[in-house]
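Presented below is the structure to which this report refers.
The values are calculated or read from the model by the stated rules, or taken from the named source; none is laboratory data. Since this is a predicted model, take the numbers as computed values, not measurements. Cβ coordinates were reconstructed from backbone atoms using ideal geometry, including for glycine residues, and neighbour counts include every protein chain displayed.
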Amino acid sequence: MDGVLVAYHNTARIFGFQYVSLEEMEERLYGSGSGARVFNKCVSLLERVLSDVVSIYGERVGLFHFSIRHFPPGHHCHPVGLNVLTFICRASSAHSRHAS
């Protein structure tokens with residue numbers, strides 16, 4: 001991927017387009033030079049989780065979902081701030097797998 005074409009719009013009208021390069025996206029999201037490191041860490045984490053899921057559920061995996069919740073500093077759950085990654089996996093029965 002070299003970049004993305006962003007459309008500025010609402011439900012009634014398109015206001016314009018902008019091409020955003022991969023380098024510009026990385027700079028805005030991660031700061032200078034951190035994009036590749038963040039990407040590699042995320043892929044490594046995903047590989048680990050999916051490997052564990054396959055070792056536990058085998059071919060019975062029917063649904064999996066990732067979500068991230070941010071608790072800002074001062075929140076009653078964590079006074080200095082915290083990001084929590086939640087992973088949910090549900091096994092499917094043989095019947096539901098063949099029905100779709």
Among residues of the range 16-50, those that are among the polar types (S, T, N, Q) and modelled with pLDDT under 85, counted: 2
Filter pass, Ser96 being modelled with pLDDT of 80 or more and of a type in the set (Gly, Ala, Ser): no
Tabulated pairs, the range 1-24, first without any contact (Cβ under 8 Å) to a residue 12 or more places away in the chain, second among the polar types (S, T, N, Q), C-beta under 8 angstrom, 6+ apart or interchain: Tyr8/Gln18
Among the candidates Phe64, Phe39, Phe15, residue that is among the hydrophobic types (A, V, I, L, M, F, W, C) and either exposed (fewer than 11 other Cβ atoms within 10 Å of the Cβ) or over 30 Å from Arg90 (Cβ atoms) (or both): Phe15
Residue tally, condition over 24 Å from the mean Cα position of the chain (by Cα) and among the aliphatic types (A, V, I, L, M), over the range 1-18: 2
